[in-house]
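The values are calculated or read from the model by the stated rules, or taken from the named source; none is laboratory data. Computed from a predicted structure; not experimentally measured. Note that we place each Cβ from the backbone using ideal geometry, even for glycine, and neighbour counts take in every protein chain shown.
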Amino acid sequence: MRDLIIILGSAIIVLVFIAGCTSISVKKSDFQEATPSLTIPPTTVTQSTIVTATITQTKYYLVAVTPQRNGNNIVITYQGGPDANLVSKFQYGIKTADHQWYSPKIGEKMTLHGGTSGRHHVVVIGTFTDGFTQTILDTYV
């Protein structure tokens, strides 16, 4: 009888050991965290649906003008830049761009007659050969 208890006890220990060796060990890192999802209601479509996206790119031209005070006047000098050959005209002025400067050349100057001392709001807007307009200068002198 004693031998039977020893054999059964040994068998139970062996079975527990075998079951422990074959069990699957799972760590927390093995679980994938749930990610939030967006639920889209079903839509009935009779034809194929094509989704398109439009990507717009902002266009900028690189040219420069510099303002300089000369007494009560402000002298604007066209400095050029990588896109200098694409400038068709500048509109310039104090507070508003109400003067026209057609086909400006690099190094060319235009004078704004201020008439008074003090700071002036100088604005220069460029128009390019493709019709695109861009503010080139908006500063106080």
Answer from 59, 105, 89 - the residue that is of a type in the set (Lys, Arg), in a strand (DSSP E or B) and at pLDDT 70 or above: 89
Qualifying residue in the range 92-99 (condition: at pLDDT 95 or above, under 14 Å from residue 123 (Cα atoms) and among the hydroxyl-bearing types (Ser, Thr, Tyr)): yes
Test result for residue 118, within 23 Å of residue 59 (Cα to Cα), free of Cβ contacts under 8 Å to residues at least 12 places away in the same chain and loosely packed, with under 11 Cβ neighbours inside 10 Å: no
Scan of the range 80-99 for residues that are surrounded by 12 or more Cβ atoms within 10 Å (Cβ to Cβ) and either among the polar types (S, T, N, Q) or in contact (Cβ under 8 Å) with a residue 24 or more places away in the chain (or both), ordered by number: 80, 83, 86, 87, 88, 89, 90, 91, 92, 93, 94, 97
Tally, over the range 115-129, of residues that are at pLDDT 95 or above and either of a type in the set (D, E, K, R) or not in a strand (DSSP E or B) (or both): 1
Which numbered condition residue 112 misses (of (1) part of a strand (DSSP E or B); (2) surrounded by fewer than 17 Cβ atoms within 10 Å (Cβ to Cβ)): (2)
